[in-house]
1. Apply the Karplus curve 6.51 cos²θ - 1.76 cosθ + 1.60, θ = phi - 60°, to the phi angles in the range 167-173 and return the couplings in whole Hz, x for Gly and Pro.
2. Arranged from highest to lowest average of other beta-carbon atoms within 10 Å per residue, in what order do the peptides 156-166, 80-90 appear?
3. So if I place +1 on the C-beta of Lys and Arg and -1 on the C-beta of Asp and Glu, and nothing else carries charge, what would the dipole magnitude of the range 66-124 be about its Cα centre? I want it in debye, nearest 20.
4. Give me the dipole magnitude in Debye, nearest 20, for the chain about the Cα centre, with unit charges on the beta carbon: positive for Lys and Arg, negative for Asp and Glu.
5. Which whole-number percent is the relative contact order of the chain (Cα, under 8 Å, 6+ apart)?
6. Kindly write out, for the range 94-102 in residue order, the coupling ³J(HN,Hα) from the Karplus curve 6.51 cos²θ - 1.76 cosθ + 1.60 (θ = phi - 60°), rounded to whole Hz, with x marking Gly and Pro.
7. Between residue 14 and residue 99, what is the label-to-label distance in nm when each label sits 7 Å out along the Cα-to-Cβ direction?
8. Among 36, 9, 49, which residue has its Cα furthest toward the positive end of the charge dipole of the range 1-51, with +1 on Lys/Arg Cβ and -1 on Asp/Glu Cβ?
Amino acid sequence: MTYAKIHTCDFDGTEASLTPGNEFLVCELSTAQGMVTVGTMICFDREFPESARILMLKGAEIILVPNACPMGSNRLAQFRSRAYENMVGLALTNYAAPRNNGHSLAFDGIGYDDQGDERDMLLVEADEQEGVYMASFDLDALREFRTREVMGNAFRRPHRYQALVALDAVPPFVRINAQGERYDRSRR
């Protein structure tokens, strides 16, 4: 699978010169536990809930996220939310200090136990130091959870989401790109 991130940081001159990708991709990965459907979203793609949602809709069971930014409490919570709301395993790897602050982590996407009680989905969270961390996903448990719970795709109403595909940015969300022009989504 060759994938270019969809959401380039057009406020950054170097990255604004890159050509963004045009499709979120998933693929089948052969593992010791059998086949698993994997999706990828690179760094800035994780800032948008639609990225993980599209990967889930395309069948991703686990989403892999190579990342390069500081991971503070809000971004860590954001990542937990992506796993929870889409019932997917997520694994993020981030640069350690001093380049960034580490905190690579993985969530299994299983938000409730068999009795319906909330459970912690966190499998592993690294500290700020360089290291190798392993996360083990229970694919059978994740697949069973996805057959019975209501998040994910069970009760969505996409015919009510027209605003999600509108190209116009309205105040206060109008932005200037790296060239000093009003950012025009239709050109990217």
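Just so you know, all these numbers are worked out from the coordinates, no wet-lab data involved. In this text, all values refer to a predicted model and were calculated from it rather than measured experimentally. Positions of Cβ are backbone-derived with ideal geometry, glycine not excepted, and every protein chain shown enters the neighbour counts.
1. With coefficients 6.51, -1.76 and 1.60, one gets 8, 7, 9, 10, x, x, 9 Hz.
2. Going by the mean number of other Cβ atoms within 10 Å, highest first, we get 80-90, 156-166.
3. Numbers: 5 positive and 7 negative charges, 107 e Å.
I would put it at about 520 debye.
4. Numbers: 20 positive and 27 negative charges, 171 e Å.
Magnitude of the dipole: close to 820 debye.
5. Values: 318 pairs, mean separation 30.1, N = 188.
Relative contact order of the chain: 16 percent.
6. So the Karplus estimates, Gly and Pro as x, are 9, 4, 6, 5, x, 5, 10, 10, x Hz.
7. Going from the residue 14 label point to the residue 99 one covers 1.1 nm.
8. Going by the Cα projections, it comes out as 36.
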